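Contents: one structure, followed by commentary.
The values are calculated or read from the model by the stated rules, or taken from the named source; none is laboratory data. Note that the structure is a prediction, hence the values are computed from the model and not measured. Because the Cβ atoms are built from the backbone with ideal geometry, glycine has one as well, and the counts that use them run over all protein chains shown. Just so you know, the surface numbers come from the protein's heavy atoms only, side chains and all, with ligands and any DNA or RNA stripped out. Shrake-Rupley method; radii C 1.70, N 1.55, O 1.52, S 1.80 Å.
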Protein chains: 2
Amino acid sequence: MSRIKKVAITGGTHGNELTGVHLLKHWREAPEEVSRTNFATELHLANPQANKANRRYIDQDLNRQFKIQDLNNPCLSGYEHSRAKVINTLLGPKENPRVDFIIDLHTTTANMGMTLIFNTDDPLVVGMAFYVQDKMPEATLFFDPVERLEDSFLTSTARFNGFLIEVGAVPQGLLRADVYQSTREATKHCLDYLELINQGESPVKPQVREGYRFIEKVKLPENEQGEITAMVHPNLQDQDYQPINPGDPLFMKLDGTTIPYQGKDKVYGAFINEAAYYDAHVGLSFMEKVEVSLKNDPAND
Amino acid sequence: MSRIKKVAITGGTHGNELTGVHLLKHWREAPEEVSRTNFATELHLANPQANKANRRYIDQDLNRQFKIQDLNNPCLSGYEHSRAKVINTLLGPKENPRVDFIIDLHTTTANMGMTLIFNTDDPLVVGMAFYVQDKMPEATLFFDPVERLEDSFLTSTARFNGFLIEVGAVPQGLLRADVYQSTREATKHCLDYLELINQGESPVKPQVREGYRFIEKVKLPENEQGEITAMVHPNLQDQDYQPINPGDPLFMKLDGTTIPYQGKDKVYGAFINEAAYYDAHVGLSFMEKVEVSLKNDPAND
C-alpha cells in the first residue's frame, strides 16, 4: 500500500518568481510529466493576486504565514494571511493534512544555484534531498529544522512536510530557461523518489552529507535616517556558500570603501543580495556548515 | 566662455533601478566628485514615488513621456505624465531649456555591460560616447537618432540633449557593487569630457566607430489567452550584442522545444530578457550594426 497518496506541487508562492508559475502552466498542458503510478499529483498556484501584480506579495510574505497559531488566528486578515488559511483548508488542515507531501518552487536573485531547502530531519525528506543530489550533484543542501506545526513555510502544511526547490540567480519577474529547466528536472527527481519509496525500494542509504544551516540575517549598514549606506561587497557578490572569514570584505559603502566582516568565526553566505530582502535592508544570510544525517532507510522508516 | 553651463545628473527615472538613486545619495554627500571648474552640476531624483514603491513606474514609463506634444497635452494626467511636466519645468522647458546636458542613469536585467545610449548625431554627444569608450573600452554604443523635440526620453529635455548610461546585468530592486562602480566611473568621464569641451580642448577627433541601432522589439510567443508560451532560449540568454543568424535558436517553449529565428537577415540582440518588458511580453530587441560618425571636432562644432 502506498505511503504517499497525494503530492502537491506549488508555484508562485512569491508572485514575482515566475519559474514555478510557468512550470505549473506547462504541467497543466502535459500532466503526464508529473504523474506517477502510485500517488496523485496536484498543481496549485499559491498566490494568484501577487503573481498578477508581479510582486512578491500583496500584504505580507505568504511563505511565513503557516505557523499553526497564525493559521488559527482570525485577527490576521491581510491578503496572504487569508490566502494561507485557504491553502491550509485546501491542502491541510495542518493538524491532520489531506496532502502528504508538498514541493514548493522558488527562485532567488542570489547565485545559489540549485538549492534544496528542507526543515525536518525526517528520513523521507532528507532522503529526497540526497536522492536529488545524487541526480544533480551541483545541488546544495539547505537544512533548517523546525517542528512542523511551528514551521511558517507553506510546505509544512503537508503530512510529511515538504521541500523547497530554490534556484538562482534569476531576477524577479522573468524566466531564465536554464533555471526553468533545472527546476523542472529537480521536480522530476522528487516525484521519482516518492514513487520508489511507495514501491518499498531504497533509493538512498543511511549516511551523512554536508549541508548549510541558517544562523542569522545580516543587515546592510544604515544611516540615522534609516537609509542604506552600503551594498554587498564585489568580492562577496555571487559567492553564495563560500567561506567568509574574519576580516574579509563584507560591504562596500557608497563612497567605495570596504566594511570587513568583524565576527570571530568563519561563516558562509547565502541569499547574498536577494532583492526580496531589500525592503528589510537585509544583505545576506550567514550560514554554518553542518552534517545532514539520513538516520534510517526512508523506505523502511 | 563655457558652452555648457548647467549639467543635470538624473537617477531613479525607473524607480526600481537603484544604482542611480544611490549614486545621487552618494554625490549629495560628496558633491566634489561631480563638481567641475566650468559648469554647475545638479542632481535630480526623477521618479521619487516609483522609487518609494520599488517599481519601474506608478502609472506609465516616465522615460517615454518627453515628446513635446505629450509635455504640452493637458489630458495626459497619470503620475508620470505629471512628473514629466514637472521635470520639463525644472530642467527645460524643452523648447528653450535651462539645462544644457542631462546624464540619466539606468540599469537593465539584460547582460548589456556598459551601454551608452544616445539619440542624436550631434558631435557634442557622439564625442562624449567616444570619449567614455576610450576610457572604458568595454562600453557599447547604442545609437537611435530621433529629433530632439520628438524624443520621448528624459535626456531630450536638455539643450544639447543628453546621454543614458545603461548598465547590466543587475536585477531590479537591488544594488550590485560592480554595476554601481562602473556607472560611477562612466559618469565621471562624461563630466570630464564636458569640462574639456568647455576649455576648448579636443578630447576626441572626427572618426567612425561601430555601434548598434534599434530595429524592433520582439515579442515572446503567446497563446490564444494572451499568455506567454515560451521564454528566451538558453543559447541566446546573456548574449546581448552577439549575432543572431537565420535558424538560430530564439525562444524555448514551456515544453523545452526550440523556436528558431525565422528572419532572413542577420540581426543582433539587446535587452535580452529585460524584466521591465515582460508586462508587454517583449523578449528582446533586434538591433543592426551601424557606423557611428563623429563628423566634426566637438570642441569646435
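Per-residue Karplus couplings for the range A:215-224, computed as 6.51 cos²θ - 1.76 cosθ + 1.60 with θ equal to phi - 60°, are listed in order as 9, 6, 7, 10, 7, 5, x, 10, 8, 5 Hz, Gly and Pro entered as x. Surface composition of chain B: carbon plus sulfur atoms contribute 47% of the solvent-accessible area (1.4 Å probe, protein chains only, all chains present). When the Cα centres of the range A:48-83 and the range A:123-187 are compared, how far apart do they sit, in Å? Taking the Cα centre of the range A:123-187 as reference, the centre of the range A:48-83 is 21 Å away.
Computed about its Cα centre, the charge dipole of the range A:187-301 is approximately 300 debye, with only Lys, Arg, Asp and Glu carrying charge at their Cβ.
Among the residues of A:167-173, the average count of other protein chain beta-carbon atoms within 10 Å of the residue beta-carbon is 6.
Between the Cα long axis of helix A:18-29 and the first principal axis of chain A there is an angle of about 20°, rounded to the nearest 10. To the nearest ten degrees, helix A:177-198 and the longest principal axis of the Cα atoms of chain A are 40 degrees apart. Cross-link partners for B:K6 among the lysines, with Cα-Cα distance under 19 Å and sequence neighbours closer than 8 places in the same chain left out: B:K94, B:K188. Legend: mean number of C-beta atoms from other chains within 10 angstrom of residue C-beta atoms, peptide B:251-257, equals 4. Solvent exposure of chain B, expressed per residue, is 38 Å² of accessible area, with all protein chains present and a 1.4 angstrom probe. Each Lys and Arg Cβ is given +1 and each Asp and Glu Cβ -1; about its Cα centre, the range A:1-141 then shows a dipole of about 380 debye. With its label point put 7 Å out from Cα toward Cβ, A:G78 sits 2.8 nm from the same residue's point in the other copies, in order from shortest. Accessible surface buried at the A:B interface totals approximately 2600 Å², computed with a 1.4 Å probe on protein heavy atoms.
Here B:V146 and B:Q181 are evaluated by their C-beta separation; at R0 = 35 Å the FRET efficiency comes out at 0.70. Computed 3J(HN,Hα) for the range B:282-298, one whole-Hz value per residue from the Karplus formula 6.51 cos²θ - 1.76 cosθ + 1.60 where θ = phi - 60°, is 8, x, 6, 10, 8, 10, 10, 7, 9, 8, 9, 9, 9, 7, 10, 5, x, glycine and proline marked x.
When both bridge partners sit in the protein assembly as shown, DSSP labels roughly 60% of those beta bridges antiparallel.
Among A:H233, A:H281, the order of accessible area from largest down is A:H281, A:H233, computed with a 1.4 Å probe on protein heavy atoms. Only aspartates and glutamates eight or more places from A:K295 in sequence, or on another chain, were considered; those with a Cα closer than 20 Å are A:D121, A:D122, A:D134, A:D144, A:E147, A:E201, A:E210. Near A:R98, the amide H atoms lying under 5 Å from its own belong to A:G92; only residues 5 or more places off or on other chains count, and H is placed 1.01 Å from N.
Between A:Q69 and B:N54, what is the label-to-label distance in nm when each label sits 7 Å out along the Cα-to-Cβ direction? Going by the 7 Å Cα→Cβ label model, 2.7 nm.
When chain B is turned onto chain A, its residue with the beta carbon nearest the axis, and that distance in whole angstrom, is B:P171, 2. The mean sequence distance of close C-alpha pairs (under 8 Å, at least 6 residues apart), as a share of the length of the range A:89-221, puts its relative contact order at 34 percent.
Counts of other chain beta carbons within 10 angstrom of each beta carbon in peptide B:235-247 average 1.
Which pairs in the list A:K5/A:K135; B:K25/B:K266; A:K5/A:K217 are over 32 Å apart, alpha-carbon to alpha-carbon? Too far apart for the 32 Å limit: B:K25/B:K266; A:K5/A:K217.
For B:K219, the aspartates and glutamates whose Cα falls under 19 Å of its own Cα, not counting residues fewer than eight places away in the same chain, are B:D61, B:E227, B:D238, B:D240, B:D248, B:D255, B:D265, B:E274, B:D279, B:E288. Figure note: B:K6, B:K205 ranked by solvent-accessible area, largest first, 1.4 Å probe, ligands and nucleic acids not counted: B:K205, B:K6.
Its DSSP H runs of at least 4 residues, each contributing -39,500 (n - 2.57), put the calculated 222 nm mean residue ellipticity of chain B at -7000 deg cm²/dmol, to the nearest 500.
Shown here for the range B:12-108: trypsin sites (Lys or Arg not before Pro) in loop regions (DSSP other than H, G, I, E, B) with at most 16 other Cβ atoms within 10 Å, namely B:R98. Between the residues A:M287, A:T229, A:I272, the greatest Cα displacement towards the positive end of the dipole of the range A:213-288, with unit charges on the Cβ of Lys, Arg, Asp and Glu, is found for A:M287.
Derived scalar couplings between HN and Hα for the range B:251-261 equal 10, 10, 5, 4, 8, x, 7, 9, 10, x, 6 Hz in order, rounded to whole Hz, by the Karplus curve 6.51 cos²θ - 1.76 cosθ + 1.60 (θ = phi - 60°), x for Gly and Pro. DSSP bridge analysis restricted to the range B:6-209 gives an antiparallel fraction near 20%, rounded to the nearest 5. Against chain A, whose longest principal axis comes from its Cα atoms, helix A:79-91 is set at around 30 degrees.
For B:L45 and B:N235, a Förster radius of 60 Å and the Cβ-Cβ distance give a FRET efficiency of 0.95, rounded to the nearest 0.05. Using heavy atoms of the protein chains and a probe of 1.4 Å, the accessible area assigned to B:S77 is about 90 Å². Rounded, prolate or oblate: pick one for the range B:12-104, where a ≥ b ≥ c are the square roots of the eigenvalues of its C-alpha gyration tensor, a/c under 1.5 means rounded, and failing that, prolate if a/b is larger than b/c, else oblate. Here the range B:12-104 falls in the oblate category.
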